[in-house]
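These notes are about the structure you will find just below.
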There are 2 protein chains.
Amino acid sequence: MKTAIIGVGLIGGSFALSLRKFGLSNEILGVDSLARHSQKALELGLINKIVTLEQATDQADLIVLATPADTLPLLAVKVLNKIGNTQVVMDMGSIKTELCEVMAQHPARGRFVATHPMWGTEFSGPQAAVADGFTGRTVVICNREESDSDALQLVEQVYTTIGMPIKYMNGEEQDLHSAYISHISHITSFALALTVLEKEREEEHIFDLAGGGFESTVRLAKSSARTWAPIFMQNKYNVLDVLREHIHQLQIFRKLLEKEDEKGLVAVMEKANTIGRILP
Amino acid sequence: MKTAIIGVGLIGGSFALSLRKFGLSNEILGVDSLARHSQKALELGLINKIVTLEQATDQADLIVLATPADTLPLLAVKVLNKIGNTQVVMDMGSIKTELCEVMAQHPARGRFVATHPMWGTEFSGPQAAVADGFTGRTVVICNREESDSDALQLVEQVYTTIGMPIKYMNGEEQDLHSAYISHISHITSFALALTVLEKEREEEHIFDLAGGGFESTVRLAKSSARTWAPIFMQNKYNVLDVLREHIHQLQIFRKLLEKEDEKGLVAVMEKANTIGRILP
């Protein structure tokens, strides 16, 4: 199978490595709006060839869209406008409501499969790509009934071979759950970094005193603003909903501590501990 | 050297393993108010013998206090009341202001060294002990001028042998920096777990969709309430100060998103990214 990856950053580059590792694709074409990204992807062996978007849509059996969330709806339409009826297009974005809405009436909608693999790191660009990030993580496939069965089957087979369990949802459900479970962690971490940078003026102390706990909690604050700002914007209502709840939970904590209500603090912490039952 | 560890949980148990690994102690006595903890520590080979507090203060060259923060001031006084003038006592607690204040006038104050090794995990109890957690992490020694030079030297030598760089601070400074860098991460994580448990009623979705990002940000929410409630209570003013700032930062994020100010969001995220310069 000949694959084209549009957007050869962390996600597209890692997917290219996975396709290669599991013998799913013998030729991988790469497209990126940044010449230094496609060049780096070629050097690192993520892709076999740098091509234009037109060459990609002309030649590839599977076209993978792995660009930032805000670019996906238009890009998906442009790609669907050009492909034939045996080619398959999939995206790997974090947000689906607008994308699925934009695609809904396209005559080639059936060739498209909307997917969200639940993996990423705080790093970005082709040099951040790793071969086995996706393996073992869940992938969400959205609005599967809108995809042709052969297109859906191909994408399911690719993800299954990589070792990713598949969940099916509609776009709205996926955006809601992603806000609750993925997007809020990033905001928490960005805000924690800003808090510590604001209060702890002595950078040396941050470096010296950071234990493993602080490091893991603040890790996502290194994530790319270019990736995450469009995700938060496109998922605004769900993200605001969960962000308001998060602020509320911190205020409960604050009030218990102000009142020196140690029993109350223990009770909320023990409730929080139940996350360990779900994520051992 | 004969060592007694009072409180053979995660911290005391891991310290026992480090002492053994680096050949610092040929006999380790264990004391714990929970019989099942001391029994487990013996079974796991963390300690050589279960003893009473009296036997520990009678026999050990180095007495290590590794019990919860709220128990340390009284325990330290009781132990100092009993020891001779060649024995050394150290604590491993996260909070120092009250402890150092209580100890200040004790005639044996010089035998005591106040320390805070910057390491821990979300697990607790003797079964959570690991041999090399401390190595490579910083330890803070507080109010060193109040310790006898031989006592200080012994404790410095122990930590240096384990591979822990030493920083010196007074108790108030250490509590401030610990609130900023360690304590707030725990509150963030507890509150994130509560947020997700509140909004995401379908536990199956939490389990399926949790990527590495969510897992690392919420990890500390599994931490023991028995350990952390007294730390927050004892460090109340510093913790409230940094918690208010954290809520403020989340509110800035919320307002930018409400106004759909994408440039503003990018600006705060890029500011947060600078944490990566300090913690690469």
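The values are calculated or read from the model by the stated rules, or taken from the named source; none is laboratory data. Note that the structure is predicted; figures quoted are calculated from it, not measured. Cβ sites come from the backbone with ideal geometry, for glycine too, and all protein chains shown count toward neighbours.
I'm trying to understand the selection: among the residues of the stretch A:99-123, which are under 24 Å from A:Leu24 (Cα atoms) and in contact with a Gly (Cβ under 8 Å, 6 or more places away or on another chain)?
Of everything in the stretch A:99-123, those that are under 24 Å from A:Leu24 (Cα atoms) and in contact with a Gly (Cβ under 8 Å, 6 or more places away or on another chain) turn out to be A:Ala114, A:His116, A:Met118, A:Trp119, A:Gly120, A:Thr121.
Quickly run through the stretch A:93-139 and pick out the residues that are under 18 Å from A:Thr227 (Cβ atoms) and of a type in the set (Lys, Arg).
A:Lys96, A:Arg137
Quick check on my filter: what residues within the stretch A:100-118 are within 14 Å of another protein chain (Cβ to nearest Cβ) and outside any loop (DSSP other than H, G, I, E, B)?
Matches in the stretch A:100-118: A:Thr115, A:His116, A:Pro117.
Can you tell me how many residues in the stretch B:238-280 are at negative phi, facing chain A (nearest Cβ under 7 Å) and outside any helix (DSSP H, G or I)?
Counting residues in the stretch B:238-280 that are at negative phi, facing chain A (nearest Cβ under 7 Å) and outside any helix (DSSP H, G or I) gives 2.
Quick check: is even one residue across the stretch B:44-54 over 17 Å from B:Leu17 (Cβ atoms) and within 23 Å of the chain's Cα centre (by Cα)?
Taking every residue of the stretch B:44-54 in turn, at least one turns out to be over 17 Å from B:Leu17 (Cβ atoms) and within 23 Å of the chain's Cα centre (by Cα).
Of all residues in the stretch A:213-256 being at pLDDT below 95 and surrounded by fewer than 17 Cβ atoms within 10 Å (Cβ to Cβ), which is nearest to the chain's Cα centre (by Cα)?
Among residues in the stretch A:213-256 that are at pLDDT below 95 and surrounded by fewer than 17 Cβ atoms within 10 Å (Cβ to Cβ), the one nearest to the chain's Cα centre (by Cα) is A:Arg226.
Only one of (1) among the charged types (D, E, K, R); (2) touching a Ser or Thr at 6+ places or on another chain (Cβ under 7 Å); (3) more than 20 Å from A:Val130 (Cα to Cα) fails for A:Lys96. Which number is that?
(2)
Contact list please: Cβ distance under 9 Å, first residue in the stretch A:53-80 and over 21 Å from A:Leu154 (Cα atoms), second residue surrounded by fewer than 19 Cβ atoms within 10 Å (Cβ to Cβ) and basic (Lys, Arg), pairs at least six apart or on different chains.
Pairs found: A:Leu53/A:Lys78; A:Leu53/A:Lys82; A:Glu54/A:Lys82; A:Gln55/A:Lys49; A:Pro68/A:Arg226.
Residue by residue through the stretch B:98-118, note down the ones that are charged (D, E, K, R) and in contact with an Asp or Glu (Cβ under 7 Å, 6 or more places away or on another chain).
Listed by number, the residues that qualify are B:Arg109, B:Arg111.
Just give me the residues in the stretch A:76-107 being surrounded by 20 or more Cβ atoms within 10 Å (Cβ to Cβ) and farther than 15 Å from A:Gly171 by Cβ, in sequence order.
A:Val79, A:Leu80, A:Gln87, A:Val88, A:Val89
Does B:Thr3 meet the test of being more than 21 Å from B:Arg226 (Cα to Cα), surrounded by 18 or more Cβ atoms within 10 Å (Cβ to Cβ) and touching a residue at least 12 places away in the same chain (Cβ under 8 Å)?
yes
Tell me, which helices (runs of 4 or more DSSP H) lie completely within the stretch B:119-237 with 1 or more residues that are away from chain A (no Cβ under 12 Å) and not acidic (Asp, Glu)?
B:149-162, B:171-178
Would you pick out the residues in the stretch A:257-278 that are surrounded by fewer than 23 Cβ atoms within 10 Å (Cβ to Cβ), of a type in the set (A, V, I, L, M, F, W, C) and either more than 22 Å from B:His248 (Cβ to Cβ) or in contact with a strand residue (DSSP E or B) (Cβ under 9 Å, 6 or more places away or on another chain) (or both)?
A:Val266, A:Ala267, A:Ile278
Take A:Val113 and tell me if it is without any contact (Cβ under 8 Å) to a residue 60 or more places away in the chain and touching a Lys or Arg at 6+ places or on another chain (Cβ under 8 Å).
For A:Val113, the condition - without any contact (Cβ under 8 Å) to a residue 60 or more places away in the chain and touching a Lys or Arg at 6+ places or on another chain (Cβ under 8 Å) - is met.
Suppose the filter is in the same structural domain as B:Lys21 (by TED's automatic domain parsing) and of a type in the set (A, V, I, L, M, F, W, C); does B:Leu154 pass it?
It is true that B:Leu154 is in the same structural domain as B:Lys21 (by TED's automatic domain parsing) and of a type in the set (A, V, I, L, M, F, W, C).
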